[in-house]
1. What's the extension gain from residue 4 to residue 69 if we count 0.36 nm per residue and subtract their Cα-Cα distance?
2. In what sequence, highest mean first, do 71-77, 26-32 appear when ranked by Cβ atoms within 10 angstrom?
3. For the pair residue 28/residue 51, report the inter-label distance in nm, with labels modelled 7 Å from Cα in the Cβ direction.
4. Ordered by residue, what ³J(HN,Hα) values in Hz, to whole numbers, does the range 16-23 give under the Karplus form 6.51 cos²θ - 1.76 cosθ + 1.60, where θ = phi - 60° and Gly and Pro are x?
5. From the phi angles alone, apply the Karplus equation (6.51, -1.76, 1.60; θ = phi - 60°) to the range 31-40 and give each ³J(HN,Hα) in whole Hz, x where the residue is Gly or Pro.
6. Could you tell me the largest-minus-smallest coordinate of the C-alpha atoms of the range 6-89 on each of the three principal axes, in descending order and whole angstroms?
Amino acid sequence: MPHADPDAATNVAHRIANAFDEAIAALELPNTNVSMSIGVAHWQLTNPVNADELVRHADEAMYAAKEDASRRVMIRTANGQSIESVDIGVNERSSECA
């Protein structure tokens, strides 16, 4: 999404996560736990030197989201921190993690 600003990219990530939840719920899989973690990186926030580094930043944010099952979408910042993105209606809190 080369022309999306950080907020737009985060909103898309939340829409994808919500659509995933709806699709999984529709399958009615008993005794099955399926989740999704999404990492977001944006060139304005992380100042990558190239596209590979931008992808690495998104990957780092995704792994930060995986560390806590309640964190669905994480955004990487320039200082290497991943901050939790607030998912309105699902997660009303915002915090930082390493």
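1. Using 0.36 nm per residue and subtracting the Cα-Cα distance, I get 20.7 nm.
2. 71-77, 26-32
3. 4.4
4. Coupling constants for the range 16-23: 5, 4, 5, 5, 4, 4, 5, 5 Hz.
5. 6, 10, 10, 10, 9, 9, 10, 10, x, 10
6. Between the extreme Cα coordinates on each principal axis of the range 6-89 lie 45, 22, 21 Å.
Values quoted throughout were computed directly from the atomic coordinates according to the rules given, and no laboratory measurement underlies them. If you're wondering where the values come from, they're calculated on a predicted model, not measured in any experiment. Heads up, the Cβs are rebuilt from the backbone with ideal geometry, glycines too, and the neighbour counts pull from every protein chain shown.
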